[in-house]
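Below: the structure, in structure tokens.
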Amino acid sequence: MARSCLIAASILALAAGLPISAAAQTAAPSPDAPRATQNITQPAADQLEHLFALLAEADDSNWKALEEEIWDLWSRSGSDAFDLLLERGRDAMEAGDFDVAIEHLTALTDHAPGFAEGWNARATAFYLSGRLGLSLDDIARVLTLEPRHFSALSGLGMIMEELGDPQAALEAYRHSLAIHPRNPRIKEAVERLETAEGRDI
């Protein structure tokens, strides 16, 4: 558990380097920073920037559609073979066969290490199979490649709650919510932990 908390602290330090405001989150990252967009075309990268700007200002009428468009772009590796590995990994997870999912997704991360969604999918498979430390390792890779990955940040929050660190969980959820302010599940998590934090003061 100590190692897992150290990994989580490192991930949160990475996230802490990002402005909390949603507007700042949508700013273009440094060109020197590693990015998931290494694996997609420049028009797709530009489209992601635009979608995140819209997501920051979304309302109840359009946030779900924007989220789906972001997921669609995140899921495109630029290779049909790699996309098939991602699809097979996700299908195996849905069927509850986490070892098979991890096998497919490990092949994907081995061959496409710059593809953030491969790491995120494997992080999910590790989490669902109870391997929290390995999930944290992969979340760190996701957020290095794509710091705006609101799902990886919320996954970090879930893991930290399971590890008994509500403050770290709250920090992760807040970063996720800053990027995706309309996510009802993360809003509920932030409100719940802030309420608990207030009771502890």
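The values are calculated or read from the model by the stated rules, or taken from the named source; none is laboratory data. These figures come from a predicted structure and were not determined experimentally. Glycine also receives a Cβ, built like all others from the backbone with ideal geometry; neighbour counts cover every protein chain displayed. Each accessible area value is taken on the protein alone, full model and side chains, heavy atoms only, with ligands, DNA and RNA left out. Shrake-Rupley method; radii C 1.70, N 1.55, O 1.52, S 1.80 Å.
Numbers at a glance
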quantity	calculated
Given (1) closer than 23 Å to ARG174 by Cα; (2) modelled with pLDDT under 95; (3) assigned to a helix (DSSP H, G or I); (4) open to solvent by 70 Å² or more (accessible area, probe 1.4 Å), index of the condition PRO43 fails	(1)
Helices (runs of 4 or more DSSP H) wholly inside the stretch 97-201 containing at least 1 residues that are of a type in the set (A, V, I, L, M) and closer than 24 Å to GLY78 by Cβ	98-111, 116-128, 132-145, 150-162, 166-179
Qualifying positions in the stretch 145-195 - open to solvent by 30 Å² or more (accessible area, probe 1.4 Å) and among the small types (Gly, Ala, Ser)	SER151, GLY164
Members of the stretch 59-112 that are open to solvent by 30 Å² or more (accessible area, probe 1.4 Å), in contact with a Ser or Thr (Cβ under 9 Å, 6 or more places away or on another chain) and touching a residue at least 40 places away in the same chain (Cβ under 8 Å)	none
